[in-house]
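The structure appears below as structure tokens.
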Amino acid sequence: MAGVASGNDFQWCFSQVKGAIDEDVAEADIISTVEFNYSGELLATGDKGGRVVIFQHEQESKNRPHLRGEYNVYSTFQSHEPEFDYLKSLEIEEKINKIRWLPQQNAAHFLLSTNDKTIKLWKISERDKRAEGYNLKDEDGRLRDPFRITSLRVPVLMPMDLMVEASPRRIFANAHTYHINSISVNSDHETYLSADDLRINLWHLEITDRSFNIVDIKPANMEELTEVITAAECHPHQCNVFVYSSSKGTIRLCDMRAAALCDRHSKFFEEPEDPSSRSFFSEIISSISDVKFSHSGRYMMTRDYLSVKVWDLNMENRPVETYQVHEYLRSKLCSLYENDCIFDKFECCWNGSDSAIMTGSYNNFFRMFDRNTRRDITLEASRESSKPRATLKPRKVSTGGKRKKDEISVDSLDFNKKILHTAWHPKDNVIAVAATNNLYIFQDKIN
């Protein structure tokens, strides 16, 4: 079966895997977010230990032209540390919830990273020269006696080994009472929004001591609380428009030109529920775990527990496309509720041309859907197929009855192996898939 992408028939093949092979995975090493920068040259991952690892795309070698360049470690730094809120007697864990790159303006790169409470703006820059020949200090850094300086020297820049430095330029703190679930850089590249369970704030990248509260759904009496904000994103081209999704399966589109506080939405997207399929779990599985605008800005995609939906921004009453991710789990919802898997938050992403979408599943499976041909494919991120250029074989899950040779039974799926975070290169058919503590990179293998 051919792969899924921009209309071409091709297969996905293994490129790289990062991370240890150990059976016992340390909690701190579990990857919690994956993000390509705007050019795709850099790929950042955040983990539960508060670290950010940035990989850089190396140019392909002339002696092996069939091998496209690989991603190698460019910089690693500790973004967040565990903290303790003494007022509320709460531990604030260091886990990186989201990373968002800023468009590159100069030689340095900037990214925003956030844990549950604090957002930081990091500058990643290179240094390959150092100044030598100071007048007031020796080469080893000791101060010289001013009375013994008889001539002035002009310091010179000498080449040195390349150093990549990560430095925090801004820290945006104390603005969220609840856990931050989303950050999104606005298309004006000056502002960004951050969302928690009940509020959305708008920040200016240069101003850390204040933000504007643009959405507040907290009821006067918390006992009347019926829904929470699950994700929020700025429109890719219109800096006044943003959307946020809720645990009730609805999406609200707001226009900041209408009012300073966007409690009144401009558009409300909701699919009417089929009464015949209503069950105890309906509300839980309809909660939206991710929302993403297409690069064109015409569509948005939402992920709930069992499906991915594509909405046209001009049509609010139903999605224009619905893709079933793992419909075979509908009969297993009771056991998934008991082991808490039903609350897993799967993310989704678009390819560079908006013609295909990708999202994760269980058993280290991930799904791709071609919007033009309506074909879909299930692939697996595993070390078994991690030989260079090894083609990924499509996987099938048997839903009962007689199981075919290549199929895997629903009952033998491993629910501890889940792919929640994926990213698609903005220009090429290169994808990054986070499977627990490993980062898999796959690329297309043109037939």
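So the values come out like this:
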{"read-out": "Geometric extent, Cα atoms of segment 64-120 - Rg, Dmax (angstrom)", "value": "16.9, 59"}
{"read-out": "Exposure rank, largest accessible area first [295, 237; 1.4 Å]", "value": "237, 295"}
{"read-out": "Charge tally in the Cβ shell below 13 Å around residue 219, where Lys, Arg are +1 and Asp, Glu are -1, residue 219 excluded", "value": "-4"}
{"read-out": "Cβ-Cβ FRET estimate between residue 328 and residue 39, R0 fixed at 35 Å, reported to 0.05", "value": "0.35"}
{"read-out": "Cα gyration tensor, the chain - rounded (a/c under 1.5), prolate or oblate", "value": "oblate"}
{"read-out": "Global form of segment 297-447, assessed from the alpha-carbon gyration tensor, a/c cut-off 1.5", "value": "oblate"}
{"read-out": "Cα Rg, Dmax, segment 65-209, angstrom units", "value": "21.5, 67"}
{"read-out": "Segment 115-216: trypsin sites (Lys or Arg not before Pro) falling in loop per DSSP and having at most 14 other Cβ within 10 Å", "value": "142, 144, 153, 210"}
{"read-out": "Beta bridges by DSSP in the chain, antiparallel share as percent, to the nearest 5", "value": "95 percent"}
{"read-out": "Rg/Rg_ref, segment 307-372, where Rg_ref = 2.2 N^0.38 Å and atoms are Cα", "value": "1.27"}
{"read-out": "Estimated translational D of segment 288-341 in µm²/s (Stokes, Kirkwood radius over Cα pairs; 20 °C; 1.002 mPa s)", "value": "173 µm²/s"}
{"read-out": "Derived scalar couplings ³J(HN,Hα) [segment 431-441; Karplus, 6.51 cos²θ - 1.76 cosθ + 1.60; whole Hz; x for Gly, Pro]", "value": "10, 10, 10, 8, 10, 6, 9, 10, 10, 9, 10"}
{"read-out": "Rounded, prolate or oblate (a/c below 1.5 giving rounded, otherwise prolate when a/b exceeds b/c) for segment 159-239 by Cα gyration tensor", "value": "prolate"}
{"read-out": "Alpha-carbon centroid distance for the pair segment 128-198 / segment 252-266, whole angstrom", "value": "38 Å"}
{"read-out": "Built amide H within the under 5 Å cut-off of residue 293, gap 5+", "value": "301"}
{"read-out": "Residue-wise HN-Hα coupling along segment 314-320, computed from phi with Karplus coefficients 6.51, -1.76, 1.60 (Hz; x: Gly, Pro)", "value": "8, 9, 8, 7, 6, x, 7"}
{"read-out": "Using a Förster distance of 41 Å, the FRET efficiency for residue 399-residue 221 (Cβ separation, nearest 0.05)", "value": "0.35"}
{"read-out": "Cysteines not pairable in the chain (beta carbon separation under 4.7 Å absent)", "value": "13, 234, 239, 334, 341, 348, 349"}
{"read-out": "About the Cα centre, charge dipole magnitude for segment 339-382 (Lys/Arg +1, Asp/Glu -1 at Cβ), debye", "value": "200 debye"}
{"read-out": "Loop GluC sites (Glu not before Pro), segment 102-154, which have at most 16 other Cβ atoms in a 10 Å radius of their Cβ (DSSP)", "value": "139"}
{"read-out": "Efficiency of FRET from Cβ geometry, residue 165 and residue 340, R₀ 41 Å, rounded to 0.05", "value": "0.50"}
{"read-out": "Candidates per GluC sites (Glu not before Pro) in segment 234-331, loop by DSSP, up to 12 other Cβ within 10 Å", "value": "273"}
{"read-out": "Cα-centre dipole for segment 290-447 with unit charges at Cβ (Lys and Arg positive, Asp and Glu negative), debye to 20", "value": "580 debye"}
{"read-out": "Cα centroid separation - segment 75-107 against segment 208-234, whole Å", "value": "21 Å"}
{"read-out": "Accessible area of segment 319-393 belonging to carbon and sulfur atoms, whole % at 1.4 Å probe", "value": "48 percent"}
{"read-out": "The chain - accessible surface per residue (Å², probe 1.4 Å)", "value": "51 Å²"}
{"read-out": "With DNA, RNA and ligands ignored, accessible area of residue 151 (1.4 Å probe; Å², nearest 10)", "value": "70 Å²"}
{"read-out": "The chain, relative contact order [Cα under 8 Å, separation at least 6], %", "value": "15 percent"}
{"read-out": "Contour minus Cα-Cα distance for residue 206 and residue 385 (0.36 nm per residue)", "value": "59.8 nm"}
{"read-out": "Accessible surface of segment 87-142 [probe 1.4 Å, protein heavy atoms]: carbon and sulfur percent", "value": "46 percent"}
{"read-out": "Separation of the residue 320 and residue 259 label points, Cα + 7 Å toward Cβ, nm", "value": "3.0 nm"}
{"read-out": "Check: the chain dipole with +1 on Lys, Arg Cβ and -1 on Asp, Glu Cβ, in debye", "value": "1200 debye"}
{"read-out": "Estimated vicinal HN-Hα couplings, Hz - segment 359-367 in sequence order (Karplus 6.51, -1.76, 1.60; Gly, Pro = x)", "value": "7, x, 8, 9, 6, 6, 8, 9, 10"}
{"read-out": "Most mobile listed residue (128, 376, 145) in the chain, GNM with C-alpha springs under 10 Å", "value": "145"}
{"read-out": "Distance (nanometres) between label positions extended 7 Å along Cα→Cβ at residue 152 and residue 268", "value": "7.3 nm"}
{"read-out": "Rough spin-label spacing in nm, given labels placed 7 Å along Cα→Cβ, for residue 131 and residue 84", "value": "4.3 nm"}
{"read-out": "Value of relative contact order over segment 227-318, rounded to a whole percent, pairs C-alpha under 8 Å and six or more apart", "value": "26 percent"}
{"read-out": "5 angstrom amide H check on residue 180, placed H, neighbours 5+ away", "value": "117"}
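The values are calculated or read from the model by the stated rules, or taken from the named source; none is laboratory data. Not measured: the values here are computed from a predicted model. Here the Cβ is made from the backbone with ideal geometry for all residues, glycine too, and neighbour counts use every protein chain on show. SASA here: full protein model, heavy atoms, side chains in, ligands and nucleic acids out. Shrake-Rupley method; radii C 1.70, N 1.55, O 1.52, S 1.80 Å.
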